[in-house]
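So the structure is just underneath, and the comments pick up after that.
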Amino acid sequence: MKYRLFLLLWLAGLAVHAQVSPDTTRPRAAADSTTQRRAFAFADSVFNKPELIFEVDDIDIPAGIQDILIRFNNAVAADKQWFADYRDQYVGTGRPLPYHEKFGITRQEYARITDMTRSSLRLKQISEQKIIVQRADGLLNFRGSGDAHILDYLQFDLRQQVVTFAGDTIPFVGEMNTPANAPIGLSHGYAWRYETADMATTLRVDQVTARVIEVNLLLPAQGNKVHLHLKYQDVDKGQPKGSLDLMGFFR
């Protein structure tokens, strides 16, 4: 699967705060049983056909930015220890790292990246994949092809109101909104998120072992196609072991 914008930024450590998703807000309210029932009823209504088409999307990166990101990523990867030490100085500040010549790009190019993270990004469709929806005993399972084969590992248990991905149970978080300047525009829906990190033995970002899985199911204000965003990151002692970012619309 091709690099996504958020993955490049995350690997490079451009954003030195906890939030790595470029397209969503945090859930607006704590989850309760009524909200959770609505969320699973929504999922039940979305996947109410034996076959669906999934329009796989990607972030539409402005012209010239991808080359800058690749050079930036390659430069910091060439000296990981220096970059980890530099990044650790600014962890928790919630702002981009100050420019450094060892980033491998010019100050002006770095400004383009940081400006882009604050502006509105849009999606572009890259493929269409057929999804088979399998229903049995209150369980929703999927069979996809191409990039969408990742959905094979996703399951909704409508009776127990549980979402799992590759064996991990993903807790329900609550309702979710995205603003008008998000890639999918103004939308409302629900989020499930699993996050674990071993911070007991180290405070160094480059030594953390962590896993993050997030499932967002959203209905944009414009149009009638439901948007799914599935994100997975697995890090072992600061080294990425697995990472994926699947997003698109069901129709």
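The values are calculated or read from the model by the stated rules, or taken from the named source; none is laboratory data. On a predicted model such as this, the values are computed, not experimentally measured, just so you know. Glycine gets a Cβ as well: all are built from the backbone with ideal geometry, and neighbour counts include every protein chain shown.
Restricting Arg95, Arg87, Arg71 to residues that are part of a helix (DSSP H, G or I) and at pLDDT below 85 narrows the list to Arg87.
Out of all the residues in segment 136-152, is one or more assigned to a strand (DSSP E or B), surrounded by 13 or more Cβ atoms within 10 Å (Cβ to Cβ) and among the β-branched types (Val, Ile, Thr)? Steps first, please.
Applying the first criterion (assigned to a strand (DSSP E or B)) to segment 136-152 yields 136, 139-143.
Keeping just the survivors that are surrounded by 13 or more Cβ atoms within 10 Å (Cβ to Cβ) gives 139-143.
Subsequent filtering for residues that are among the β-branched types (Val, Ile, Thr) retains none.
No, because not a single residue in segment 136-152 is assigned to a strand (DSSP E or B), surrounded by 13 or more Cβ atoms within 10 Å (Cβ to Cβ) and among the β-branched types (Val, Ile, Thr).
Looking only at residues in segment 220-245 that are at pLDDT 95 or above and outside any loop (DSSP other than H, G, I, E, B), the one that is surrounded by the most Cβ atoms within 10 Å (Cβ to Cβ) is His227. When restricted to residues that are at negative phi and either touching a helix residue (DSSP H, G or I) at 6+ places or on another chain (Cβ under 9 Å) or at pLDDT below 95 (or both), segment 129-148 contains 11.
The residue list Phe172, Phe103 contains one member that is in contact with a helix residue (DSSP H, G or I) (Cβ under 7 Å, 6 or more places away or on another chain), within 28 Å of Thr196 (Cα to Cα) and touching a residue at least 12 places away in the same chain (Cβ under 8 Å), which is Phe172. Among the candidates Val212, Val208, the residue that is closer than 15 Å to Val173 by Cα, surrounded by 16 or more Cβ atoms within 10 Å (Cβ to Cβ) and at pLDDT below 95 is uniquely Val212.
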